[in-house]
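See structure below.
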């Protein structure tokens, strides 16, 4: 059976909506600590096609998984499967008083699952964009991000921050989204024109709804309790001695967040001044902090970063995303990204036995 919308639902779709994946340049695990982040978009997108149907039923088809699912509006319940993302969205929209009807929806994505490139946020934002058009909902792009996060925190059960959803909803190609996760104020910062952005997926998938990610959040919350602050964002670099006096591993967890917030601010300044060497140093320092203090990296990702360090054309490299697998983001000299990305991927595959995927820059 064909997997087109018509073959699955017997009619043409009324609305098509898309949202890009994102790569976080720097600022990892700072978002749920009310800190700073600096993501940008990647070319890969998630696409949803929708049409209205009579009654309260939602029928869904996930083309990449070749799976169908359905549920009734008002009867959303956690299942632990992909359809929870849809259920979470309709549940949150209904709670906010938006009127929905039944609909058919087909989902497809170019963003690799578990890659650390926000496949889940891209799906949620694309779906909310589609429902906004299908049912003429009065929600802006920031509200879409808020709703997407609530859906993932709630029915899906992943205690993620707001960065991914804001990036997928508001970031634009060629620009970084400098975002303050406390008040959601943001600025679009043009990326340097004389670098290639290289994203290499390690071939090891991660899952935010798993225990490790939520454990890190709980550790940060406990650190705040012991330090007497509302969030780790409230701690300047000058408080590092107090932070490091916390019992382990809380001291290292908090040290990562405090220093990572400072690195984001330095990275924005480096981008604005065109100091690519400094920006690269910040990438490597960020990765070391995630590896040693926050302990969210893995051997395969560390290998990619070390292979990148050996390439003269690479300014810097770091794990991007929540960790425990996923992807590495690198900055390379303009015109060199495809070559060095391919060379690193080949050597990584040889040493690790994994199958990496070079996502950017794309082949010409």
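Things worth noting here:
- Within the stretch 335-353, the set of residues being in a loop (DSSP other than H, G, I, E, B) and either buried (at least 17 other Cβ atoms within 10 Å of the Cβ) or touching a strand residue (DSSP E or B) at 6+ places or on another chain (Cβ under 6 Å) (or both) comprises 336 only.
- Taken over the stretch 268-292, the criterion of being without any contact (Cβ under 8 Å) to a residue 60 or more places away in the chain and farther than 23 Å from residue 358 by Cβ is satisfied by 269, 270, 273, 275, 277, 278, 281, 285, 288, 289, 292.
- Failed item in (1) without any contact (Cβ under 8 Å) to a residue 24 or more places away in the chain; (2) at positive phi, with residue 211 passing the rest: (2)
- Strands (runs of 3 or more DSSP E) fully within the stretch 7-79 counting 3 or more residues that are touching a residue at least 12 places away in the same chain (Cβ under 8 Å) and within 30 Å of residue 255 (Cα to Cα): 15-26, 36-52
- Test: residue in the stretch 40-57 that is under 19 Å from the mean Cα position of the chain (by Cα), modelled with pLDDT of 95 or more and over 19 Å from residue 326 (Cα atoms): yes
- Residue within the stretch 309-326 that is at pLDDT below 95, buried (at least 24 other Cβ atoms within 10 Å of the Cβ) and in contact with a helix residue (DSSP H, G or I) (Cβ under 8 Å, 6 or more places away or on another chain) present: yes
- All positions within the stretch 83-112 that are in a loop (DSSP other than H, G, I, E, B) and more than 18 Å from the chain's Cα centre (by Cα): 96, 97, 98, 99, 100, 101, 102
- Restricting 225, 219, 173 to residues that are in contact (Cβ under 8 Å) with a residue 24 or more places away in the chain and either under 16 Å from the mean Cα position of the chain (by Cα) or exposed (fewer than 15 other Cβ atoms within 10 Å of the Cβ) (or both) narrows the list to 173.
- Positions within the stretch 70-81 being touching a strand residue (DSSP E or B) at 6+ places or on another chain (Cβ under 7 Å) and crowded, with 19+ Cβ neighbours inside 10 Å, in sequence order: 71
- From the list 306, 295, the one residue that fits, being farther than 17 Å from residue 25 by Cβ, without any contact (Cβ under 8 Å) to a residue 12 or more places away in the chain and surrounded by fewer than 20 Cβ atoms within 10 Å (Cβ to Cβ), is 306.
- Search result, residues across the stretch 42-52 that are more than 17 Å from residue 148 (Cα to Cα) and either crowded, with 16+ Cβ neighbours inside 10 Å or not assigned by TED's automatic domain parsing to the domain that holds residue 159 (or both): 42, 44, 49, 50, 51
- Residues that are over 20 Å from residue 76 (Cα atoms) and out of contact with any helix residue (DSSP H, G or I) (no Cβ under 8 Å at 6 or more places or on another chain), drawn from the stretch 140-169: 140, 143
The values are calculated or read from the model by the stated rules, or taken from the named source; none is laboratory data. Keep in mind the model is a prediction, meaning the values are calculated, not measured. Glycine gets a Cβ as well: all are built from the backbone with ideal geometry, and neighbour counts include every protein chain shown.
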